[in-house]
Amino acid sequence: MEQADVTLYARFAAHLDDILTALEAEGLLAPGIDRKPVAVEPPRDPSHGDLATNAAMVLAKKAGTNPRALAELLAPRLEAMDDVVSAEIAGPGFINIRLDRDVWRDELAAIVAEGHAYGRSTLGQGQRVNVEYVSANPTGPMHMGHCRGAVVGDALASLLEHAGYAVTREYYVNDAGAQVDVLARSAYLRYLEALGRQIGEIPEGLYRTVAAMIELIKADLATLGVHHDLFASEREVQESGAVDRAFEILAEKGLVYTGTLPPPKGKPAEDWEPSELLLFRSTAFGDDQDRPIRKLDGSWTYFAADTAYHMQKLEKSDELINVWGADHTGTVKRTQAAVQALAGRPALDVKLVQMVRLLRGGELVKMSKRSGSFVTLAEVVEEVGKDVVRFTMLTRKNDAQMDFDFAKVVEASKDNPVFYVQYAHARISSLKRKAVAEVPDLPAEADLSLLDEEELGLVRLAAQFPRIVDSAALAHEPHRIAFYLGDLAAAFHALWNRGNDDPSRRFLLVHNPLLTRARLELASGIGQILANGLAIMGVAAAEEM
RNA sequence: GCGCCCGUAGCUCAGUUGGACAGAGCACGAGCCUUCUAAGCUUGGGGUCGCAGGUUCGAAUCCUGCCGGGCGCGCCA
């Protein structure tokens with residue numbers, strides 16, 4: 001696996017760490033202070049410089065001094081570093097660092113040299129993460145309700161891979177239980193009829209029906225570019241004896257008992273009767289109620305099988321992530337409780353994706369399962385394209401409600417981030433083609449000293465990409481990539497538009513091959529970041545539009 | 001009744017896990033362009049970050065309590 005070099009920010013953080021160690025050795029700083037909160041970041045306001053650190057503010061209290069005094073100790077040593085032009089104390093104790101311009105020129109060169117590896121990191125250190133997503137019941141083709149989870153899960157998995165985790169993409173097939181059999185059978189037959197196909201011989205039994213449904217689902221997901229490594233079967237989990245094993249473990253920990261649950265709350269329960277059940281003590285981990293393991297008829301509950309399934313995942317992974325629909329809100333705590341009980345630590349994060357409302361020119365598209373008038377995933381992908389669906393699904397936080405308007409998402413305008421980002425990449429691709437074709441004597445090497453302050457500002461934004469990837473991966477929030485790409489595209493377009501008023505600011509200057517070459521390098525670097533970010537999202541980087 | 005999520009500009013939403021005067025797009029105001037560097041550009045106005053306390057050098061961000069929305073709450077999956 002290719003890995004990017006240590007980022008600019010990490011490099012300076014390491015230098016800063018050395019300085020702190022030296023101060024300790026010299027007796028100027030109390031030893032043993034936790035340095036975790038120390039950060040080296042780009043300042044919000046670019047006029048403050050290239051880098052800023054909060055070290056003085058964060059450490060002052062424990063060092064028994066005030067931020068200002070500590071900053072005055074640090075600043076001269078930071079200023080003595082290579083590449084540092086100045087280190088000034090500002091505000092409550094920030095240290096603002098200005099770097100030699102060559103740092104950014106070198107960073108641009110690094111972006112171009114590392115290519116698609118730029119932005120990859122070793123943050124995950126090969127830790128094994130299991131991402132479970134989609135996991136729709138195999139009762140019919142994918143509809144739009146499943147779409148967002150599919151994209152969020154897939155992009156999250158890809159994001160974690162870029163950040164150095166070993167990722168497994170998994171789909172949990174709910175193929176156990178009599179009801180699923182009935183549902184699957186009827187839904188499958190109806191689907192075949194709807195397609196006008198000959199039904200022929202009726203599929204025999206649960207297994208074949210479910211298998212056929214899964215093939216349909218895989219095909220639907222493939223149109224979105226979504227592929228799983230593993231399809232785990234609930235039926236197999238139950239038949240393998242994993243459920244017994246899981247609850248033997250939990251019983252040994254004293255977390256299983258026989259008891260009676262209180263009546264359900266919220267709505268009046270006419271048919272409710274108290275009964276003795278085998279229960280899991282999920283309240284020990286923050287759930288509001290203990291959860292049944294066996295039904296009255298002695299069979300396992302869904303929760304019991306799910307617990308065993310998570311145990312299986314834990315055997316192969318260090319961390320688990322489930323991407324679920326918001327209608328599963330109520331089951332999050334019990335599942336996390338089971339995982340914590342089995343793993344000995346909270347190892348499950350659940351991302352709940354909110355509903356997507358389908359609109360067409362502002363009008364709500366009505367969907368009703370009963371009338372069979374739901375909009376399928378395949379239909380939407382066919383109408384607007386895979387890239388538009390994927391990008392749009394990542395323009396909101398997963399837990400925020402979203403509108404998907406067929407008219408707006410295909411609009412070719414600045415309001416549409418999908419278009420705006422792809423257009424930036426296409427524009428750069430077009431520029432590269434034209435430069436080669438139209439500018440004579442284009443040098444092979446770019447002289448980046450020709451880039452001015454404004455152009456280097458764009459590099460500075462591009463150089464934040466590795467940080468964005470890491471922070472998005474840590475937060476399990478792939479949408480951050482989409483927002484960042486929107487910002488980068490906007491900055492690039494703005495610079496490009498300078499050429500409208502001032503032709504000397506254009507990227508392509510037929511009579512100035514040297515400057516054209518330098519600006520071409522800048523554009524290539526931006527294009528590379530856009531491509532790398534889009535790759536995480538699973539969206540094609542358009543060469544032309 | 002309980003749990004989870006949310007409340008940021010007129011609208012739709014970001015906000016780098018506690019940082020420096022709270023951001024973007026739309027809409028609104030004012031200029032510019034009519035350009036094969038095309039599907040506009042530049043530039044303004046606009047916010048008690050739901051309310052009230054608390055934690056500390058510092059809070060939209062963390063804690064508590066309210067107000068107001070959404071979702072979910074049986075051995076269903």
* Structure fact -> To the nearest Å², the heavy-atom accessible area per residue of segment A:8-99 with 1.4 Å probe amounts to 51
* Structure fact -> Quick calc of log₁₀ I(q)/I(0), segment A:8-99, Debye, one scatterer on every Cα, no solvent, q values 0.10, 0.15 1/Å, result -0.21, -0.49
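Say the cut-off is 21 Å between C-alpha atoms; which of A:LYS333/A:LYS366; A:LYS253/A:LYS351; A:LYS386/A:LYS408; A:LYS36/A:LYS351; A:LYS253/A:LYS333; A:LYS36/A:LYS316 go over it?
Details: A:LYS333/A:LYS366 33 Å; A:LYS253/A:LYS351 28 Å; A:LYS386/A:LYS408 15 Å; A:LYS36/A:LYS351 27 Å; A:LYS253/A:LYS333 19 Å; A:LYS36/A:LYS316 30 Å.
A:LYS333/A:LYS366; A:LYS253/A:LYS351; A:LYS36/A:LYS351; A:LYS36/A:LYS316, as the Cα separations exceed 21 Å there.
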* Please report the relative contact order for chain A, taking Cα pairs under 8 Å with a sequence separation of at least 6, and give it as a percent rounded to a whole number. => 15
* Asked: Where a Cα-Cα gap under 13 Å defines reach, which aspartates and glutamates qualify for A:LYS295, not counting those fewer than 8 residues away within the same chain?
  -> A:GLU276
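So, R0 is 25 Å and r is the distance between the beta-carbons of A:ALA437 and A:ASN497; what FRET efficiency does that work out to, to 0.05? List each step's numbers first, then the result.
Numbers: r = 23 Å, r/R0 = 0.91.
That pair, A:ALA437 with A:ASN497, gives E of 0.65.
Output the antiparallel fraction of DSSP beta bridges having both residues in chain A, as a percent to the nearest 5. Numbers along the way, then the final one.
Working: 22 of 46 bridges.
Taking every DSSP beta bridge within chain A, about 50 percent pair in antiparallel fashion.
Going highest first, how would you order A:522-535, A:429-442, A:466-479 by mean Cβ packing within 10 Å?
Working: A:522-535: 23.2, A:429-442: 13.9, A:466-479: 20.4.
So the peptides A:522-535, A:429-442, A:466-479, ranked by packing, come out A:522-535, A:466-479, A:429-442.
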* Quick one: if the Förster radius is 22 Å, what FRET efficiency do A:VAL112 and A:ASP487 give, using the C-beta to C-beta distance and rounding to 0.05? -> 0.60
* Under the Debye formula (equal points on every Cα, no solvent term), log10 I(q)/I(0) of chain A at q = 0.13 Å⁻¹ -> -1.30
* Please give every one of the aspartates and glutamates within straight-line cross-link reach of A:LYS62, meaning a C-alpha to C-alpha distance under 19 Å, and leave out same-chain neighbours fewer than 8 residues apart. => A:ASP17, A:ASP18, A:GLU24, A:GLU26, A:ASP34, A:GLU72
* Accessible area per residue, 1.4 Å probe, Å², for segment A:225-290: what's the number? -> 61
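If we count every other residue with Cβ under 14 angstrom of A:VAL510's Cβ, Lys/Arg +1 and Asp/Glu -1, where does the sum land? Intermediate values should be presented prior to the final figure.
Details: positive: A:LYS434, A:ARG506, A:ARG517, A:ARG519; negative: A:GLU438, A:ASP441.
Net local charge, A:VAL510 excluded: +2.
Packing-wise, with mean Cβ within 10 Å as the measure, how do A:251-257, A:394-400, A:38-44, A:118-124 rank, highest first?
Values: A:251-257: 13.7, A:394-400: 17.7, A:38-44: 15.6, A:118-124: 20.4.
Ranking the peptides A:251-257, A:394-400, A:38-44, A:118-124 by packing returns A:118-124, A:394-400, A:38-44, A:251-257.
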* What percent of all Cα-Cα pairs in segment A:41-164 falls in each 5 Å bin, counting up from 0? -> 2, 9, 12, 11, 11, 11, 12, 11, 8, 6, 4, 3, 2, 0
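Can you classify segment A:417-537 as rounded, prolate or oblate using the Cα gyration tensor, where a ≥ b ≥ c are the square roots of its eigenvalues, rounded means a/c under 1.5, and otherwise it's prolate if a/b beats b/c and oblate if not?
Numbers: a/c = 2.15, a/b = 2.00, b/c = 1.07.
Prolate, since a/c reaches 1.5 and a/b exceeds b/c.
The values are calculated or read from the model by the stated rules, or taken from the named source; none is laboratory data. None of these values were measured; they are calculated from a predicted model. All Cβ positions, glycine included, derive from the backbone under ideal geometry; neighbour counts span all protein chains shown. Just so you know, the surface numbers come from the protein's heavy atoms only, side chains and all, with ligands and any DNA or RNA stripped out. Shrake-Rupley method; radii C 1.70, N 1.55, O 1.52, S 1.80 Å.
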